[in-house]
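Just so it is clear, none of the values below were taken in a lab; they were calculated from the coordinates. This one's a predicted model, so the numbers in the text were calculated from it and none came from an experiment. Note that we place each Cβ from the backbone using ideal geometry, even for glycine, and neighbour counts take in every protein chain shown.
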Amino acid sequence: MPALVTQRLRLVPMTLPAVEAILDGDKPRAEAVIGATFPAAWPNEDLVGRAFPYSRAAIVAAPEIRLWGDSLVMLRDEPRIIGSVVFKGLPADGIAEVAYGIEEGSRSQGLATEATLACVEWALAQPGILCVQATTFPWHHASLGVIRNCGLSQVGMRDHDILGELLVFERRA
């Protein structure tokens, strides 16, 4: 994925050296590799678990597949990471699943929508991508807003192992 620039943001691709530093819990090394600072609470175990659904071995063996489309979100004029937009790897079936997160101090400003929309549009322009999907809980109003503002429409539901019902949204190419 190339770096993307929006009105207020820069989205920089995740690289294998950055991911390895994050997985090692080496925040100074990760910041040096990326050239930007992380918020005090990032990256934490919860974020790492959600952002990297693959094992280290799988990521190292095929970063072009496992890190496909993954980016770190920074303010356009400030070398500070405020979030991430990730896909669950390069899809073999043409259905790219997107997830996103913005640090608490930068929420409620439309930044998650701006970053996610840029990544969704990039993904839909890639060869072989038929649609982008996202899932969220019916009670997660902020996430529902991001999804809808990115032009995704509800297409179904599925169950989460622990937390119950997830709504499934998608946007077709």
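Derived scalar couplings between HN and Hα for the range 101-118 equal x, 10, 4, 3, x, 10, 7, 6, 10, x, 6, 4, 5, 4, 5, 5, 4, 4 Hz in order, rounded to whole Hz, by the Karplus curve 6.51 cos²θ - 1.76 cosθ + 1.60 (θ = phi - 60°), x for Gly and Pro. Among V120, V60, the ranking by other beta carbons within 10 Å of each residue's beta carbon, starting with the fewest, stands as V60, V120.
Two-decimal Rg/Rh of the range 77-161 from alpha-carbon positions, Kirkwood Rh?
Rg/Rh for the range 77-161 comes to 0.97.
Using alpha carbons only, the radius of gyration of the chain set against its Kirkwood radius gives Rg/Rh = 0.94.
For the range 34-127, go through all pairs of different Cα atoms, get the mean of 1/r, take its inverse, and jot down that Kirkwood value in Å. For the range 34-127, the Kirkwood estimate is 14.0 Å. Taking Cα centre as origin and charging only the Cβ of basic (Lys, Arg, +1) and acidic (Asp, Glu, -1) residues, the dipole magnitude of the chain rounds to 340 debye. For the range 1-43, the extents of the C-alpha atoms along the principal axes are 32, 22, 13 Å, listed from largest to smallest. For the range 80-173, the set of chymotrypsin sites (Phe, Trp or Tyr not before Pro) satisfying both a DSSP loop assignment and a count of at most 16 other C-beta atoms within 10 Å is given as W139. Remark: S71, S84, S153 ranked as S153, S84, S71, counting other beta-carbon atoms within 10 Å and listing the fewest first.
Please tell me the relative contact order of the chain in percent, rounded to the nearest whole number, where contacts are Cα pairs under 8 Å and at least six residues apart.
On the way: 290 pairs, mean separation 30.1, N = 173.
Taking the mean separation of contacting Cα pairs over the length of the chain, I get 17 percent.
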